[in-house]
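S.K.: Structure in structure tokens, see below.
Please treat every number below as a calculation from the coordinates, not as lab data. Because the structure is predicted, anything quoted here is derived from the model rather than measured. All Cβ positions, even for glycine, are placed from backbone atoms using ideal geometry, and neighbour counts span all protein chains on display.
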Amino acid sequence: MAETANTAEQAEIMASELFGEFFWNKLGPVNHDWPCEDQERHKVKEHPCDAVYYYEEPYAVRQTYVHCDLKSYAKGTIGPAPVKAAIESLAKQVACAEKSETWRKLHTHENVTFSVSGLLFVYNHDGEYEADFQKNLVHIAPESLQLPRASRLFVLGPKEIFWLDNIRDEIQRMRGKKNPEVPGHEHCFYFHPQLVRRANLQVRKAKAATLETLTSPIIILEHHDPKGGAQRGVAVFYSRLGDTTDEFMYLIDTLRKYELLDDRTSVVIKTLGASAISSPTFQKAQLQYIEGLVGANVSTDLGDYVNAIRYEPMSHIKTTYSNIDLGTWG
Amino acid sequence: MSEFLDHLSANDNDIYDLLISGKQRLTESVLRELARDRGIFCSPEDDRDDLADYLSVLPHGFHDVAAIVQKREPGHRREKTTFVRLNTVMPVEELKAAAAEYAAAVMGKENVVYRPAAADGFVVNVVYDEFNRSRTRLLQRDRQEADIEFVVQDGQTLVRLPATDKAKKIVAALKENVERRRKATIDEEGIELTGLTTPEQRSKFFTRLISTLPKFRLRNVMSLKVSSHLSEDGEDDEALDLEDQDEEEAGAEMFAAVVHSMHLSGQNLVQSQEYKDLTARGFYITAISWRSEAEGNPPDIIQFDAGFQDRKRGTGFKYAIQGAFRAHKGSHRKTIVHVNDAEKTRLLALLESTARQVLTDLLAEAKEANEAVEGGLDGTEV
């Protein structure tokens, strides 16, 4: 059964707000039902659809369509059973979406290679997220899901949504300053490194944060000078506590491998709810990294770039990101 | 390549290597769990290779890589212990100065913590990175820890340390620091079988060690390693044991059977024909693992290990307390449990003193035997 029109509208506002900042685009109708293509196995006549977003893949010439199930609940009212049921159902929806003519006509571009991923989006609407939502996933055997080969299903729980929504808020805050730290959307894109075993084939085209990026601890926004200068900036959103020099040295070295430490790039690392000692720990890691390269008191260009990395824990924390209620379980 | 950069972070290829090569522990379902921990469910139709490939291109932070390494190699192997005796009492102040000097010399590379312990003892803890080039690049850096204890006993200082080359080097450096201050050398004594030249004498060290442990009764010999004069020289290596020559394996099995039956039947091992045959063929024990029951209360069964790092030469004595089967309602529990630090220290000290006593006795016996042989020869010549 489709969610109510009102709920769907509210869900759409919420999702648009968040995913818009990560450069996802919506395609096709929201909140509708469509016929199941495998009724015998799936034991339903129709599947629901809350919204479908798409983005370009950086490491392959294709689009990813994200078939969303948007859920909302009040703190303390959710258990493993409904989460499991939602994931099992979503896996079937993803399997059918690839085969369904109806779904394809409504939600995909013509003449485009694409893949479908499922997204279960779960937040609690009373604003207090539960950190241990992930424990609901432990009892789900991935082997039991009816997902077709190479398809994936992603879960963004309350904690992840809280984190992503704060990134969105921070970017908008940086952009809205009198002297904007981040330019308009057209000059921004999410960074996907050139890898050893994969090439980023669509550096310009694939500007969205992929689901893989959004579920990882490091999300990097790159922005170019709107006036066409060679200067660029990167904002590195790092989701961990930041209480060890090891993790920061790892992060600094990763930025070096990503070729983000150079003359023309200003780098800022942002954390949320990090450890109280994260700032001094980061400084210590910078020093240790520079000393490790060539020893103490030796000046090098790379050392200067490392030194110039700014570390700024996000101080403006958005605790409630929406007071609207999404569709509830049922 | 800079060693510093070599082990700092991982690229996708490193992570792929790490995942794909750890087949035994990083099974398909473990890889699925790694994905699930990120909130990602992969298709059940994807195989292990697909999963490793997919996971390796995801952005990884330090903790993610550490979690994979941890899943691949859970915990450190139970380390064996060794000891040396220094023929002098080292006061805490002197050790403190030596440790401070060592800490200053390795600053930035090793983390050194030192503090006085009970009964005029002293403890030095060193955390260091060890690099093993033979492993997958990401596993090469291995954080190690060496706990070194100084215990004053009968006018001497006993130093108890992990049986690793690094720990031995640290102890040598500390000793050198003390010697430099004193402007005098300190004699050192360890357990070495170099003075025992026949296979019979070498094996006797072990059979006597396991049967004369004070306040313990030998219950069972669990495993043995043997060597013969024919086998190649070289350091003992756990992995190499699997490749030991068939004959050695056969020798070990027979030895174990003999030692075992000796205990059960109450025969004297050295009198048995099988033992004599094996010894005559040049086989001798180089390591042993056994269980003994405490004669006091509670009558727990303790599993011990003892052996030599250089099996052939009989140097580098190392030993461990594997654990205890606790006494329970007139019998013993079925599972082995760790012993606590105090109990472990007591048991290690017991092993050390027994090994020392056995070696002293055997050396005396060997000397007597030699003199007797020489005397006999002299006699025939006359």
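S.K.: Starting from the 7 Å offset along Cα-to-Cβ, what nm value, one decimal, do you get for the label separation of residue B:357 and residue A:293?
M.R.: Going from the residue B:357 label point to the residue A:293 one covers 6.2 nm.
S.K.: Additional query: With a point put 7 Å past each Cα toward its Cβ, work out how far residue B:315 is from residue B:27 in nm, to one decimal.
M.R.: Distance between label points: 4.5 nm.
S.K.: If amide hydrogens are placed 1.01 Å from N in the peptide plane, which non-local residues have theirs closer than 5 Å to the one on residue A:116?
M.R.: A:65
S.K.: Once you wrap a convex hull around the alpha carbon atoms of chain A, what is its projected area averaged over all directions, in nm²? Present the calculation step by step, with values, prior to reporting the outcome.
M.R.: Values: hull surface 74.1 nm².
Approximately 18.5 nm², given one-decimal rounding.
S.K.: If you don't mind, another one. With θ taken as phi - 60° and the coefficients 6.51, -1.76 and 1.60, list the Karplus ³J(HN,Hα) couplings across the stretch A:113-118 in order, rounded to whole Hz; mark glycine and proline as x.
M.R.: Karplus-based 3J(HN,Hα) across the stretch A:113-118 equals 6, 8, 10, 10, 10, x Hz.
S.K.: Rank A:252, A:161, A:277 by mean-square fluctuation in a GNM of chain A with C-alpha springs under 10 angstrom and give only the top-ranked residue.
M.R.: A:277
S.K.: Continuing with the same structure: If I model a spin label at residue B:341 and residue A:141 as a point 7 Å from the Cα along the Cα→Cβ vector, what separation in nanometres do I get?
M.R.: A separation of 4.4 nm, rounded to one decimal place.
S.K.: Using the beta-carbon distance between residue B:373 and residue B:180 and R0 = 35 Å, what value does 1/(1 + (r/R0)^6) give for FRET efficiency, to the nearest 0.05? Provide the component values of the computation, followed by the final result.
M.R.: Numbers: r = 45 Å, r/R0 = 1.29.
So, using R0 = 35 Å, E works out to roughly 0.20.
S.K.: Another one. Starting from the amide H of residue B:38, placed 1.01 Å from N in the peptide plane, find each other amide H under 5 Å away whose residue is 5 or more places distant or on another chain.
M.R.: none
S.K.: Among A:57, A:21, A:186, which one moves the most in a GNM of chain A with springs linking Cα atoms closer than 10 Å?
M.R.: It is A:186.
S.K.: Which FRET efficiency, nearest 0.05, do residue B:118 and residue A:241 yield, Cβ-Cβ r, R0 41 Å? Before the final figure, lay out the partial values.
M.R.: Numbers: r = 36 Å, r/R0 = 0.89.
My answer for the efficiency is 0.65.
S.K.: Same structure, new question: Report the full-extension gain for the segment residue A:25 to residue A:277: residue separation times 0.36 nm, less the Cα-Cα distance, to one decimal in nm.
M.R.: Details: separation 252, 0.36 × 252 = 90.72 nm, distance 3.88 nm.
Contour length minus Cα-Cα distance gives 86.8 nm.
S.K.: Further, regarding this structure: From the cross-link list B:215/B:367; B:96/B:183; B:175/B:225; B:169/B:204; B:109/B:183, which pairs have alpha carbons spaced over 22 Å apart? Before the final figure, lay out each step's value.
M.R.: On the way: B:215/B:367 29 Å; B:96/B:183 17 Å; B:175/B:225 33 Å; B:169/B:204 31 Å; B:109/B:183 28 Å.
The pairs that break the limit, which is 22 Å between Cα atoms, are B:215/B:367; B:175/B:225; B:169/B:204; B:109/B:183.
S.K.: Here is a further query. Which whole number gives the average, over all residues in A:142-150, of C-beta atoms from other chains lying within 10 Å of the residue C-beta? Mind showing how you got there, number by number?
M.R.: Values: counts 14, 8, 2, 4, 3, 6, 4, 7, 6.
Mean shielding count: 6.
S.K.: Hey, what do the phi angles of the stretch B:274-288 turn into as Karplus ³J(HN,Hα) couplings, whole Hz, using 6.51/-1.76/1.60 and θ = phi - 60°, x for Gly and Pro?
M.R.: 4, 4, 4, 4, 4, 5, 5, 7, x, 7, 8, 6, 10, 7, 8
S.K.: Would you please give the FRET efficiency between residue B:217 and residue B:165, computed as 1/(1 + (r/R0)^6) with r the Cβ-Cβ distance and R0 = 45 Å, to the nearest 0.05? Mind showing how you got there, number by number?
M.R.: On the way: r = 36 Å, r/R0 = 0.79.
The pair residue B:217/residue B:165 has a calculated efficiency of 0.80.
S.K.: Related question: What are the semi-axes of the equivalent ellipsoid of the stretch A:196-267, taken as the square roots of 5 times the eigenvalues of the Cα gyration tensor, listed largest first and rounded to whole Å? Walk me through the numbers on the way to the answer.
M.R.: On the way: eigenvalues 95, 57, 31 Å².
Gyration-tensor ellipsoid for the stretch A:196-267: 22, 17, 12 Å.
S.K.: Would you mind checking which residues have amide H under 5 Å from residue A:51's amide H? H placed 1.01 Å from N; only 5 or more apart, or other chain.
M.R.: For residue A:51, whose amide H was placed from the backbone, the distant partners under 5 Å are A:31, A:68.
S.K.: With the Cα gyration tensor of the stretch A:176-330 in hand, convert its eigenvalues to equivalent ellipsoid semi-axes via √(5λ) and list them largest first in whole Å.
M.R.: Numbers: eigenvalues 155, 91, 56 Å².
Here the semi-axes work out to 28, 21, 17 Å.
S.K.: Angle check, please: helix A:158-176 long axis (alpha carbons) against the longest principal axis of chain A (alpha carbons), in degrees 0 to 90, nearest 10.
M.R.: That works out to roughly 50 degrees.
S.K.: Rounded to whole Å and sorted largest first, list the principal axis extents of the Cα atoms in the stretch A:242-322.
M.R.: Extents along the principal axes: 49, 26, 17 Å.
S.K.: Under a straight-distance cross-link criterion of Cα-Cα below 20 Å, which lysines are reachable from residue A:105, leaving out those fewer than 8 residues away in the same chain?
M.R.: Candidates past the 8-residue exclusion: A:26, A:45, A:92.
S.K.: Now for a separate question. Build a GNM of chain A with springs between Cα atoms under 10 Å: which of A:311, A:123, A:55 gets the top mean-square fluctuation?
M.R.: Looking only at A:311, A:123, A:55, the largest GNM fluctuation is found for A:311.
S.K.: Would you mind working out the magnitude of the charge dipole of chain A relative to its Cα centre, with +1 at each Lys and Arg C-beta and -1 at each Asp and Glu C-beta, to the nearest 20 Debye?
M.R.: Numbers: 36 positive and 44 negative charges, 89 e Å.
That gives a dipole near 420 debye.
S.K.: For every helix of n ≥ 4 consecutive DSSP H residues, a contribution of -39,500 (n - 2.57) applies; sum these over chain A, divide by its total residues, and give [θ] at 222 nm rounded to the nearest 500 deg cm²/dmol. All intermediate terms of the calculation are to be shown ahead of the outcome.
M.R.: Details: 9 runs with 108 residues, N = 330.
Computed mean residue ellipticity for chain A: -10000 deg cm²/dmol.
S.K.: Partner chain Cβ atoms within 10 Å, averaged over the residues of B:9-17 - can you pull that number for me? Present the calculation step by step, with values, prior to reporting the outcome.
M.R.: Working: counts 9, 4, 8, 6, 4, 1, 2, 3, 0.
Mean shielding count: 4.
S.K.: Follow-up question, since we're still on this one. Express in whole angstrom the spacing between the alpha-carbon centres of the stretch A:184-205 and the stretch B:51-70.
M.R.: Here the two parts' Cα centres lie 20 Å apart.
S.K.: Also, I was wondering about something else. Taking each residue in A:216-225, count the Cβ atoms of any other chain within 10 Å of its Cβ, then average. What number comes out?
M.R.: Working: counts 7, 8, 4, 1, 1, 0, 0, 0, 0, 0.
Across the residues of A:216-225, the mean count of other-chain Cβ atoms within 10 Å is 2.
S.K.: Let me see the P(r) profile for the stretch B:114-220: every Cα-Cα distance counted, bins of 10 Å, each bin given as a percent of all pairs.
M.R.: 11, 27, 30, 26, 6
S.K.: Roughly speaking, what is the centre-to-centre gap between the stretch A:224-247 and the stretch B:340-356 when only Cα atoms are used, to the nearest Å?
M.R.: So the two Cα centres are separated by 55 Å.
S.K.: Let me ask something additional. What lysines sit close enough to residue A:270 to cross-link, taking a C-alpha to C-alpha distance under 23 Å and skipping anything fewer than 8 places away on the same chain?
M.R.: By straight Cα distance, residue A:270 reaches A:159, A:177, A:178, A:207, A:257, A:284, A:318.
S.K.: Ordered by residue, what ³J(HN,Hα) values in Hz, to whole numbers, does the stretch A:94-100 give under the Karplus form 6.51 cos²θ - 1.76 cosθ + 1.60, where θ = phi - 60° and Gly and Pro are x?
M.R.: Residue by residue, the stretch A:94-100 yields 5, 4, 6, 4, 5, 8, 7 Hz.
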